[in-house]
Structures are given as structure tokens and as C-alpha cells.
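In what follows, a structure is listed as C-alpha cells, so that the remarks can point back to it.
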Amino acid sequence: MNISQQFAPPFKLISPYFIIGIFVLSFSTFLLFGMDISTAHSLNSSTLAWVHIFLLGFVMMIIFGAMAQLVPVVLEVGHFAVDLYYIIYPLLFIGTVLMGIGFYYFPTLLPFGGVIAFVAFSIFLFETFLTILKVKKLNFIITTVLIANIFLLFGLIIGIVLALGYSGILDVEIYKLLKAHVFLVLVGYVGITIMGMSLVLLPMFWLSHSFSWIYVKSALTILCFGVLLIVLSSFINIKFIEYSGYILSFTALILYFFQIFIIYKTRVRLEVDIYFKSMVFSYFCLLISIIMGIIYIFNPYHNLLLTLSWLAIFGFITFVITGHMYKIVPFLVWFERFSPFVGKKKVPMLSDMIPVKSANMQFFFSTLGVMISAIGILFGVDSIFKSGISLLSIGAIFLLKDILYMIRFK
């Protein structure tokens with residue numbers, strides 16, 4: 001992956017996304033102490049509040065910050081208007097706060113929070129699409145960025161309709177639209193974005209080479225059809241279409257997992273650092289959630305659905321993001337602050353910028369917390385769930401400390 005000053009935005013533009021995202025992750029972890037897993041379901045107000053705070057304030061915030069850096073690098077063109085990123089994160093943060101309060105206390109705030117978040121997303125999509133238009137030739141990675149953002153656009157439109165329906169302004173079938181919204185945003189955008197970016201980042205950080213991309217390319221095609229079928233089933237109530245979408249989606253995830261295993265087997269760098277451990281745990285959680293998902297298709301047990309969702313979101317997505325932050329943040333800080341002095345004076349190594357002991361403590365408490373919480377969810381034992389959340393909270397504090405340490409490194 002080629003990095004140059006011509007394409008790289010200033011770190012002061014990206015750092016607020018990372019700082020806000022990690023603060024929201026820590027905050028949302030502590031919010032879980034107030035959740036009763038016996039009443040948790042997809043239309044419960046506290047569940048919806050937590051999911052939106054976590055996904056918008058942490059997952060989307062970090063992805064947007066990372067994409068500010070990665071999009072021009074992957075596309076090998078400069079941003080169309082990189083300064084637009086200075087207004088995306090405050091809008092997204094305000095929209096997230098209003099939506100969280102709306103779900104918890106005042107539903108009338110939902111449309112306002114939804115519209116503000118929609119504006120932030122729209123600016124991001126506008127800038128990304130216009131940047132893609134500067135590309136002369138599409139490749140696989142660029143295609144994943146384009147498809148993911150198209151899914152995000154339609155997911156946002158449905159999200160606004162849902163916000164209006166939940167607040168009582170519109171009369172809509174919330175559950176049906178919710179399924180389409182979840183799959184378009186969480187699977188169609190977040191899933192495909194992770195799928196595409198991991199094909200850039202994993203080979204780079206693990207020094208993997210000489211492997212075929214056939215599995216991930218097949219996975220992308222199958223996943224697109226799976227998402228489209230599930231969205232279609234939200235409007236046309238035909239179970240065959242819905243279950244076909246589920247089967248295609250899980251098939252795509254299996255192929256993607258196999259692609260990652262191939263990258264793992266062809267890696268040259270064998271160092272077992274915090275990045276390696278985070279990636280292994282994240283894909284372990286993905287594998288377990290895939291197996292649970294296949295079981296759920298034939299045995300729709302509610303706690304099984306909650307558990308696989310927990311492992312997919314807090315196990316897979318969260319550890320993919322936080323693991324990469326231990327690589328990306330030190331590099332971006334080093335690139336901006338120390339690379340101009342290479343050959344002129346002594347500069348730190350990237351490994352010097354990572355608090356190894358603290359990172360390992362973060363990994364220990366977070367992984368243990370995810371697994372214990374998953375057991376509590378699966379068996380419906382709230383005390384076990386809260387025990388896991390206690391460990392996760394400690395891990396979140398270590399993570400926050402580590403990210404701030406790396407950002408402030410001098």
C-alpha cells in the first residue's frame with residue numbers, strides 16, 4: 001500500500017474520529033450494565049438505543065476516520081474535498097447523542113437525531129462517490145468501496161423512515177423495515193467494507209503474498225445477492241426468499257473466512273503481537289457466529305440469535321477495528337511527526353509507540369469479557385452477562401488509555 005503526502009490527509013483531521021469512537025466504545029460498554037438480557041430484543045427501546053450509540057458513535061465513527069485515510073490510498077487519487085471530513089464527525093456525534101436520548105427517553109427526538117446523522121452520512125457518501133469518479137480504472141477493492149456505499153445509501157433512507165415511524169410521525173411496519181435496515185447497513189456496508197479493507201491491510205501487516213483472491217471475490221458477489229434477497233423479503237413476505245438470503249449470506253461469510261485463513265497460512269511475519277492476537281480472536285468469533293447462524297436457521301432460538309449477534313458485533317467487528325487501531329494509529333502519528341526527521345536525527349520505531357503490557361491487559365480482559373458475556377446471553381443468566389461486562393469495562397479503559405497514549409506520543 002503506497003502512502004504519500006500527496007494523498008494522506010493531516011492527522012488532526014483523523015484523530016477526532018478515533019478519540020470520539022473509543023470514548024463512545026467505553027461509554028457504551030458501561031451502558032450495558034443497565035441492560036436486562038431477559039428483555040433484550042430487536043424492538044426494545046434500550047436495545048435500540050445501545051445498538052445505535054455503539055454502531056454510529058464507535059463503529060461508523062472509526063470507519064469514517066479510517067476511510068478518510070484509506071480511500072485515497074486505495075484509489076490512488078486525492079480526496080475530492082477532504083475538508084468535508086471536519087464537519088462529518090461533529091454532525092455524526094450530535095446525531096448519535098440525539099438518537100440515543102430519543103430511544104431511551106424522548107422518541108420525538110429521533111427524527112431530529114436521524115436527520116443530523118443522515119446529513120453526516122450524506123456528506124461522507126457525496127465526498128466518497130466524487131472521489132471514486134476521479135478513478136480511471138476500477139479494481140476489486142474500489143468495487144467493494146463503491147458497492148458498500150451504495151448499500152449504505154439505501155440503508156440510511158430506510159433508517160430515516162424507521163425513525164419517523166418509531167416516533168409516531170409515520171405509520172410503517174417497523175419490524176420488516178428494520179430487517180432491511182440492519183442488513184443494508186451492518187452487513188451490506190460494514191461487512192463489505194471490512195471484507196474489502198482486510199484484503200488491503202492483512203497482507204500488508206502480515207506480509208502475506210502469492211495467494212488467490214477467488215474466495216473473497218466469490219464471497220462479495222454472493223453476499224450482495226444475499227443482502228438484496230433479504231431486503232426484498234422485507235417488502236415481499238416470502239419465506240423462501242428470506243431464507244435464501246440468509247443461506248447466501250452465511251455462504252459468503254464462510255468463503256471470506258476461508259480467504260482469511262489462506263492469508264494467515266501464507267504470512268511471512270510470524271510475530272504474535274496485539275494485532276495478531278486481535279485478528280485471530282475476531283475471526284474466531286466470526287466462525288462461531290457463522291456456526292450459530294446456520295443452527296439458528298433450522299432452530300430459531302431467540303437467545304441463540306442474541307448470542308451470535310453479540311459475537312459478530314462485539315467479538316468480530318470490535319476486535320477487527322481495535323486490532324487495526326494498534327497498527328494504524330502509531331503509523332499515522334509516526335508518519336506525520338517523525339518521518340520528516342528520518343536520516344536527520346534519531347526517531348522512534350513503530351513498536352516503541354505501542355504500550356505492549358497495557359495492550360495485552362486490554363486484550364485479556366476484553367476477550368474474557370466477550371466470551372463470558374456470550375455464555376450469559378446464551379443461557380439467559382443476567383449475573384454471568386454482567387460479570388462479562390465488568391471485564392469488558394476494564395478492557396475498554398485500557399484501550400482508551402492506549403489510544404490516547406499513542407496519539408499523544410512525542
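Here is how the numbers come out for the structure above:
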| read-out | value |
| --- | --- |
| Asp171, Asp402, Asp36, reordered so the largest accessible area comes first (probe 1.4 Å) | Asp171, Asp36, Asp402 |
| Exposure of His302 as accessible area (Å², to 10), given a probe of 1.4 Å and all protein chains | 80 |
| Total formal charge among the other residues, if their Cβ is under 14 angstrom from that of Tyr264, Lys/Arg +1 and Asp/Glu -1 | +3 |
| Euclidean distance of C-alpha centroids, segment 331-410 and segment 32-74, integer Å | 18 |
| Protein accessible area in the chain, 1.4 Å probe - carbon and sulfur % | 73 |
| Sorted peptide list for 190-200, 234-244, criterion being average Cβ within 10 angstrom, highest first | 190-200, 234-244 |
| Accessible area in square angstrom per residue, the chain, 1.4 angstrom probe | 43 |
| Relative contact order of segment 115-254, pairs being alpha-carbon contacts under 8 Å that are 6 or more residues apart, as % | 22 |
| In segment 52-145, trypsin sites (Lys or Arg not before Pro) in a DSSP loop with at most 10 other beta-carbon atoms within 10 Å | Lys136, Lys137 |
| Solution diffusion estimate, µm²/s, Stokes-Einstein, segment 215-359, Kirkwood Rh from C-alpha pairs, 25 °C, viscosity 0.890 mPa s | 138 |
| Mean separation of Cα contacts under 8 Å (6+ apart) over length of the chain, as relative contact order % | 15 |
| Segment 8-147, relative contact order in percent, only Cα pairs under 8 angstrom and at least six apart counted | 26 |
| Rounded if a/c under 1.5, otherwise prolate or oblate - the chain, Cα gyration tensor axes | rounded |
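The values are calculated or read from the model by the stated rules, or taken from the named source; none is laboratory data. Just so you know, these numbers come straight off a predicted model, no measurement behind them. Ideal geometry is used to build each Cβ from the backbone, glycine not excepted, and the neighbour counts take in all protein chains shown. We work out accessible area using only protein heavy atoms, side chains counted, and drop any ligands, DNA or RNA first. Shrake-Rupley method; radii C 1.70, N 1.55, O 1.52, S 1.80 Å.
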